[in-house]
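Engineer: Pasting in a structure now, in structure tokens, and then I'll have a few things to ask.
The values are calculated or read from the model by the stated rules, or taken from the named source; none is laboratory data. The structure presented is a predicted model; accordingly, all values stated were derived computationally and were not measured. Methodologically, a virtual Cβ is constructed for each residue, glycine included, from the backbone with ideal geometry; neighbour enumeration extends over all protein chains shown. We work out accessible area using only protein heavy atoms, side chains counted, and drop any ligands, DNA or RNA first. Shrake-Rupley method; radii C 1.70, N 1.55, O 1.52, S 1.80 Å.
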Amino acid sequence: MCRALMVAMALVPLSIFWSDAVGSAYDVAEVTHGASISGRITFQGTPPAPKVFEVEKDQDLCGSMRAMVEVDVRDGFLKGAVIVLEGVEKGKPFAARASRGQSPGEGEFRYAPGDELALEIRTKQCNFGPFTGVLAPDAPLRILNEDPIKHTIQTFVVRGRKGNILRTVHNRDVQPGTVFEDSFATKRLKESRVVSLRCNRHDFMQNWFYTVQTPYFAISDEKGRFTIDQVPAGRYELVAWHPLLGIQRQAVTVQAHENLELTFEFSKKPEG
């Protein structure tokens, strides 16, 4: 599995792995005269076809074949891009969020509200949840296995300028109906913003996370739309990231009560 993963990593755009290290702490405070940033994520060209896997274990539950959509494009709009507003030092608390994975899987990412980003991954129908998500350093991570079979959880922090240094953080069997609880310590995420989640028993169970420090993030929907609200006035950097398509950045200046609209455009990376 590890050798196959290394090969897969080599095919992913290098630019996504090298960004600023995990930053400073974030303080929750009342936001007055807040603004909003919204827009759409577009895709030019023909997206890659879904990856199809022959299921080798637990076919009664997982099925005999599974497809994984890595670049989800509908009518020219990209779903699953992570948009992060960098540079906010204080502002709104984290909000409750929930999103389900690709059918026939029913896995789900659940984010609890509060002063920190607590992530719960509910594994169901051989599925962790959506292809992309976010997590926070030192915040609670909870993986609940709702399947009647064992899953072997393995997480990697992706490091290095070439994106080819993988550091295993978790490697743990999670039995049916049990919970695995841990976190990603800040020191583990040094020089990295990207985390990969895999199941060693089911190679089609693959997910990617971008590390965030604040609740000023969004994930584009099926029409490529995103909104980040309650933004304090100031100068920031807006980042759009996708694990296969790379990372883009825009400097933004936000005024009080402003409704700022902008667009990111991705395209398929050239092969070779």
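Engineer: Can you pull out every residue in the stretch 147-164 that is at pLDDT 80 or above and open to solvent by less than 30 Å² (accessible area, probe 1.4 Å)?
Structural biologist: Hits for the stretch 147-164 are Asp147, Ile149, His151, Thr152, Ile153, Gln154, Thr155, Phe156, Val157.
Engineer: Name the residues in the stretch 35-47 that are surrounded by 14 or more Cβ atoms within 10 Å (Cβ to Cβ) and modelled with pLDDT under 95, would you?
Structural biologist: The answer is Pro47, and nothing else.
Engineer: Quick check on Arg235: is it outside any strand (DSSP E or B) and open to solvent by 10 Å² or more (accessible area, probe 1.4 Å)?
Structural biologist: No: the conditions fail for Arg235.
Engineer: Among residues belonging to the stretch 73-101 that are in contact with a Ser or Thr (Cβ under 8 Å, 6 or more places away or on another chain) and not in a strand (DSSP E or B), point out the one that is surrounded by the most Cβ atoms within 10 Å (Cβ to Cβ).
Structural biologist: Ala81
Engineer: Restricting to the stretch 92-116, what's the tally of residues that are over 15 Å from Thr132 (Cβ atoms) and in contact (Cβ under 8 Å) with a residue 60 or more places away in the chain?
Structural biologist: 5
Engineer: Next question, about the same structure. Conditions first: (1) modelled with pLDDT of 95 or more; (2) outside any loop (DSSP other than H, G, I, E, B). Arg167 passes all but one, so which condition is the exception?
Structural biologist: Only one criterion in (1) modelled with pLDDT of 95 or more; (2) outside any loop (DSSP other than H, G, I, E, B) is unmet by Arg167, namely (1).
Engineer: (1) part of a loop (DSSP other than H, G, I, E, B); (2) in contact with a Ser or Thr (Cβ under 9 Å, 6 or more places away or on another chain); (3) of a type outside the set (Ser, Thr, Tyr); (4) within 15 Å of Asp182 (Cα to Cα): which one isn't true of Glu116, the others all being true?
Structural biologist: It is condition (2) that Glu116 fails.
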